[in-house]
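Just below is one structure, and these are the notes that go with it.
The values are calculated or read from the model by the stated rules, or taken from the named source; none is laboratory data. Keep in mind that what you see is a predicted model, and the values were worked out from it rather than measured. Using ideal geometry, Cβ is built from the backbone for each residue, glycine included, and neighbour counts are taken over all protein chains shown. Calculation scope for accessible area: heavy atoms of the full protein, side chains included, ligands and nucleic acids excluded. Shrake-Rupley method; radii C 1.70, N 1.55, O 1.52, S 1.80 Å.
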Amino acid sequence: MERAMGKERPRPLIAGNWKMNGRRADGLALARAVAAGAGNIGAELLVCPPATLLAPVGEALAGTAVALGAQDCHPAPSGAYTGDIAAPMLADLGCRYVILGHSERRAGHGESDALVRAKAEAALAAGLIAIVCLGETEAERDRGEAFAVAARQLAESLPEGAGGTNTVIAYEPVWAIGSGRTPTAGDIAALHGHLRAELAKRFADAARFRLLYGGSVKPGNAKEILAIADVDGALVGGASLKAEDFLAIAMACP
Ligand code: PEP
């Protein structure tokens, strides 16, 4: 179950999804505190503030070890799409990453695998790294469909140009997000192993994809989760809003 010693792994990524939280002062204070503590951390650190804070947080993070990411983008590069933000606009602001297909968007905004795939295609075309989220609901898990759902979302949400250097997968069981509940280490290992095997059917560089786990990752459970084979980092929601907790999770990376 544990990460094999000596086996070459991608550099872990610890990504903070701030969701719809923060005013300018809070966001700047949080970003500065994360950057101040990033010095001795081996994992790559990423914060994904709400769109309103991308510009000021990006300025605060310039020259630091912490990368900037967005929480969504539109599939089109520009046009008459009121309220939306295009991937090239995010790149222009200094974003390196964009989260796509988060379950809160799949459920709350009706985002299908096809739409997530179109968004990922747009993100890659803009030079961004797409973090494609997937994961089963509790009902799907109870019906024994977790592997099938994850495999379908993986197959249908990734565009042709995806690869280990421009795409990250975040496995986030919907029932674990914000709930304080997590799958067992064995369940996470099995699911991530399945995702890796599915990637290998389609991509020659399957081993280079970073597979993040997301769903109630906290300082108290990070060490166990991040030590699991095929877990190459974490997508962190609630705990990313406290710099101390976010950094403690990052420091738990093996
Ligand atoms: C998330 O929303 O991506 C997430 C993992 O949230 P939390 O860590 O709060 O469960």
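Looking at the structure I just gave you, is F209 aromatic (F, W, Y), within 15 Å of the ligand (Cβ to nearest atom), touching a Gly at 6+ places or on another chain (Cβ under 9 Å) and in contact (Cβ under 8 Å) with a residue 24 or more places away in the chain?
No: the conditions fail for F209.
Answer yes if at least one residue in the range 53-76 is open to solvent by 30 Å² or more (accessible area, probe 1.4 Å) and within 16 Å of the ligand (Cβ to nearest atom), and no otherwise.
Within the range 53-76, one or more residues are open to solvent by 30 Å² or more (accessible area, probe 1.4 Å) and within 16 Å of the ligand (Cβ to nearest atom).
Can you tell me which residues in the range 213-229 are open to solvent by less than 40 Å² (accessible area, probe 1.4 Å) and either part of a helix (DSSP H, G or I) or free of Cβ contacts under 8 Å to residues at least 60 places away in the same chain (or both)?
Scanning the range 213-229 gives Y213, S216, V217, N221, A222, I225, L226.
Report, ordered by the first and then the second residue, all pairs with beta carbons closer than 6 Å, sequence separation of six or more or different chains, a first member in the range 101-120 that is under 10 Å from S157 (Cβ atoms), and a second member that is at pLDDT 95 or above and assigned to a helix (DSSP H, G or I).
Every condition considered, the pairs that remain are G101/V116; G101/S157; E111/R105; D113/Q153; D113/E156; D113/S157; V116/S157; R117/S157.
Between a first residue in the range 172-185 that is under 13 Å from A239 (Cβ atoms) and free of Cβ contacts under 8 Å to residues at least 24 places away in the same chain and a second residue that is assigned to a loop (DSSP other than H, G, I, E, B) and more than 10 Å from the ligand (Cβ to nearest atom), which pairs have beta carbons less than 7 Å apart while being 6 or more apart in sequence or on different chains?
none
Determine, yes or no, whether R11 is open to solvent by 70 Å² or more (accessible area, probe 1.4 Å) and either within 28 Å of I188 (Cα to Cα) or at pLDDT below 95 (or both).
It is true that R11 is open to solvent by 70 Å² or more (accessible area, probe 1.4 Å) and either within 28 Å of I188 (Cα to Cα) or at pLDDT below 95 (or both).
Quick one: is G110 closer than 24 Å to S179 by Cα and among the small types (G, A, S)?
yes
Any idea which residue in the range 77-117 is farthest from the ligand (Cβ to nearest atom), counting only those that are closer than 14 Å to L128 by Cα and open to solvent by less than 20 Å² (accessible area, probe 1.4 Å)?
Residue satisfying both the conditions and the ranking: A86.
What residue, among those in the range 229-240 that are modelled with pLDDT of 95 or more and either of a type in the set (D, E, K, R) or more than 15 Å from the chain's Cα centre (by Cα) (or both), is farthest from the ligand (Cβ to nearest atom)?
D230
Looking at G186, G178, G161, G144, can you tell me which residue is on the phi > 0 side of the Ramachandran plot and either away from the ligand (no atom under 16 Å from the Cβ) or open to solvent by less than 40 Å² (accessible area, probe 1.4 Å) (or both)?
It is G144.
Just a yes or no: is a residue in the range 42-51 over 17 Å from the mean Cα position of the chain (by Cα), part of a loop (DSSP other than H, G, I, E, B) and within 15 Å of G27 (Cβ to Cβ)?
no
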